[in-house]
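Chemist: The structure follows.
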Amino acid sequence: MPPSSPGPTRRAVLGAGLGLTGMLLLSACTHPDTAVPAGAKPVPGGVLDYFEPQSWTVLYPPAGGFYPNGGILNNITARLLYQDPQTLKLYPWIATALPRINADATEYTFTLRPGITYSDGSALTAQNVVDNFELYGRGDKARGLAVSEQVTNYAGGEVLDEHTVRFRFSKPAPGFAQAVSTMNSGLLADATLKLDSAGFGPGSAAKIATCGPFAITAERVGTLLSVRAREDYDWAPPHFKHQGRAYLDGIDYRVNKEYSVRIGSLVSGQVQGVRDIQAPDQARIKDKGLQLVAAPTNGVNNNISLRSRHRLLADIRVRRALIASIDRQRILTKLFTDTYPLATGVVARGAAGYVKAPDDAWVHDVDRANALLDEAGWVRGADGIRVKDGARLALRSNTALPQPRSKEVMTLVQEDFARIGVGLSINDGDQVQQDLDSQDIEKVQVYHAMVARADYDVVASEWSINNRDALANHDEESGAWGDEEVERILARITGSAKAADRERALAEFQQHVIDQALVLPLFEEPQVFGFRQEVQGFFTEPVGRPTFYNTWLADGAGRGEEA
């Protein structure tokens with residue numbers, strides 16, 4: 001669990017009423033020879049051997065949302081603020097206090113802690129902090145560096161004095177305080193800020209200088225990234241009981257795409273930790289006396305978006321029929337465990353602005369689905385697929401590779417669609433191909449995804465045309481919209497100065513996508529980790545990315561390897 005902390009001494013920026021979120025720790029009865037005594041004191045030393053299912057792709061913080069990227073960035077960067085993973089409250093980290101914010105949330109002033117350095121030896125200065133957000137808030141197309149989707153309406157930063165900076169926004173930016181607590185706003189050294197996109201990519205990791213508790217020391221492209229503890233790190237969030245150097249000597253992030261190899265290596269003790277324990281193996285992990293940790297992601301639930309701008313989905317009766325045809329409980333029963341709760345809202349129950357959906361929002365009803373399609377004029381053809389005016393009701397979905405069992409999920413959806421005379425093809429290809437095809441509404445009309453961020457703005461991260469645009473809601477060339485009201489509501493969530501106004505807009509958004517049959521939430525998606533019993537003190541940040549600063553190895557074991 002996170003290092004214990006006192007109650008906040010200043011009003012948390014996100015305010016009250018966000019709900020509580022926690023980490024579900026599922027441990028089978030431990031074997032006597034591996035059990036760790038209660039109250040054992042942390043043992044410094046050792047390198048954690050840890051498996052990821054996919055290799056990292058980019059370590060430019062605003063583009064680090066892919067979990068293999070974020071799992072590294074979360075441990076090598078420090079941020080202005082820290083967000084508690086259970087309460088979602090904000091605390092100082094590199095800043096000495098929560099920011100001073102003007103009435104309309106267009107100015108944020110931070111005071112910085114002195115004496116902080118980067119892993120290349122350079123100092124963190126006020127100008128350096130401003131330069132970080134000049135890049136994140138504006139991006140740099142020439143270098144292939146995107147604007148951060150979490151830093152909205154950015155107008156500029158300025159140095160007020162040696163330890164004080166101010167950021168200005170063209171419109172209210174109420175999500176900025178939470179944004180600066182995420183790994184997407186991890187601070188970078190001056191030399192690192194000059195890199196282009198390739199400089200943040202595989203093969204260049206050692207060039208990236210950060211000010212977190214660990215620093216990159218070596219890399220073997222596609223298979224291994226080594227980080228080691230900074231001996232001089234002494235600027236953990238002040239409310240942490242643990243201060244100073246990390247307990248671990250380091251972490252070796254290993255990559256093996258063969259799931260059976262990853263699980264076998266954990267069970268045999270060849271590695272000490274693995275991310276992405278799939279549902280069928282969770283009982284096995286517990287039966288072996290290993291630790292199973294299911295960390296909530298506190299954002300948009302795992303969901304399907306129906307792209308209404310496409311001609312086959314423009315009729316709301318078709319969209320309602322598709323949603324009624326999908327048996328969400330069957331998906332959970334066949335593919336998952338109780339660590340994947342059925343979604344009861346568009347965002348997770350622990351997320352900011354959660355609203356429970358009406359009981360009749362997403363009822364599975366095949367008869368109703370068939371009646372809606374009949375009413376809309378779609379008639380079954382000779383091959384069972386419905387047709388209308390010479391067009392077949394045949395759709396295509398992506399495969400959301402970062403999401404658990406996406407191909408299997410969409411295969412069950414494919415079966416449900418077939419029962420009502422709708423065809424569904426599932427897109428093949430690696431992450432690059434999926435990303436490319438998903439931007440083309442003619443290639444993907446049914447979009448499977450989720451987004452994790454512990455702030456109201458998370459829905460804009462997934463559905464705004466300025467961010468991931470999961471609905472492919474607007475065509476710049478023709479000016480055509482799928483549902484322009486979606487964007488108007490999202491703008492109020494990201495641009496209202498008062499938390500109460502943002503919360504009301506988020507509730508309106510959730511009701512709108514229900515009424516218009518645009519989104520079907522499936523389940524609350526955790527990040528599921530497996531660890532050997534000697535791994536202690538592990539926790540995650542608010543959206544389930546690993547945090548190893550407080551982790552230690554009970555037996556002092558740690559094999560370690562330099563790439």
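Chemist: Could you size up the charge dipole of the stretch 317-416 around its Cα centre, putting +1 on the beta carbon of Lys and Arg and -1 on that of Asp and Glu, and report it in debye to the nearest 20?
Modeler: Computed about the Cα centre, the dipole is about 320 debye.
Chemist: With charges only on Cβ, +1 for K and R and -1 for D and E, what is the dipole size of the chain about its Cα centre, in debye, rounded to 20?
Modeler: My answer is approximately 700 debye.
Chemist: If you don't mind, there's one more thing I want to ask. Go ahead and collect, in residue order, the members of the stretch 306-321 whose backbone nitrogen is under 13 Å from a label point 7 Å along the Cα-Cβ direction of Arg488.
Modeler: Those under the cut-off are none; the list is empty.
Chemist: Dividing the convex hull volume of the alpha carbon atoms of the stretch 411-563 by its residue count, what do you get in Å³ per residue?
Modeler: Residue-normalised Cα hull volume stands at 204 Å³.
Chemist: On to the next question. Could you tell me what % of all Cα pairs in the chain have separations over 35 Å?
Modeler: That tail contains 37 percent of the Cα-Cα pairs.
Chemist: Helix 366-375 sits at what angle to the longest principal axis of the chain, using alpha carbons and giving 0 to 90 degrees rounded to 10?
Modeler: The helix 366-375 is inclined about 60 degrees to the chain.
Chemist: For a distance above 16 Å, tell me the whole-number percent of Cα pairs in the stretch 69-173 that qualify.
Modeler: 64 percent
Chemist: If you don't mind, another one. Determine one quarter of the surface area of the Cα convex hull of the stretch 351-395, which equals its mean projected area, and express it in nm² to one decimal.
Modeler: Mean projected area of the Cα convex hull: 5.2 nm².
Chemist: If you roll a 1.4 angstrom probe over the protein chains with everything in place, what fraction of the accessible area of the chain belongs to carbon and sulfur, to the nearest %?
Modeler: C and S fraction of accessible area: 50 percent.
Chemist: With a point put 7 Å past each Cα toward its Cβ, work out how far Arg168 is from Arg380 in nm, to one decimal.
Modeler: 6.6 nm
Chemist: Taking loop as defined by DSSP and a crowding limit of 14 other beta carbons within 10 Å, which GluC sites (Glu not before Pro) in the stretch 113-220 fit?
Modeler: On the way: sites: Glu134, Glu149, Glu158, Glu162, Glu219; in loops: Glu149, Glu162.
Answer by residue number: Glu162.
Chemist: Now for a different question. Looking at this model, which pairs from Lys207/Lys407; Lys257/Lys286; Lys356/Lys443; Lys41/Lys286; Lys356/Lys498; Lys257/Lys356 are more than 27 angstrom apart at the alpha-carbon?
Modeler: Over 27 Å apart, Cα to Cα: Lys207/Lys407; Lys356/Lys443; Lys257/Lys356.
Chemist: Among the DSSP beta bridges whose two residues both lie in the chain, what percent are antiparallel, rounded to the nearest 5?
Modeler: 85 percent
Chemist: About the Cα centre, and with charges only on the beta carbon of Lys, Arg (+1) and Asp, Glu (-1), how big is the dipole of the stretch 487-543? Nearest 20 debye, please.
Modeler: That gives a dipole near 200 debye.
Chemist: Moving on. Does a label point 7 Å from the Cα of Thr57, set along Cα-to-beta-carbon, have any residues of the stretch 191-227 with amide nitrogen under 19 Å, and which are they?
Modeler: Under cut-off, by backbone N: 196-205, 221-225.
Chemist: Using a 1.4 Å probe, what is the accessible area per residue for the chain, in Å²?
Modeler: 38 Å²
Chemist: For Lys141, go through the lysines and keep the ones whose alpha-carbon is under 17 Å away, minus same-chain ones fewer than eight residues off.
Modeler: Within the straight-line limit of under 17 Å, Lys141 reaches these lysines: Lys194.
Chemist: Something else now. Can you tell me the orientation of helix 484-495 relative to the chain, as the angle in degrees between its alpha-carbon axis and the longest Cα principal axis, to the nearest 10?
Modeler: Value to nearest ten degrees: 20.
Chemist: While we're here: Tilt of helix 259-268 relative to the longest C-alpha principal axis of the chain, in degrees (0 to 90, nearest 10)?
Modeler: The two axes meet at around 40 degrees.
The values are calculated or read from the model by the stated rules, or taken from the named source; none is laboratory data. Keep in mind it's a predicted model, so treat the numbers as computed, not measured. Note: ideal-geometry Cβ built from the backbone for every residue, glycine included; neighbour counts use all protein chains shown. In case anyone asks, the SASA skips ligands and DNA or RNA and just uses the protein heavy atoms, side chains included. Shrake-Rupley method; radii C 1.70, N 1.55, O 1.52, S 1.80 Å.
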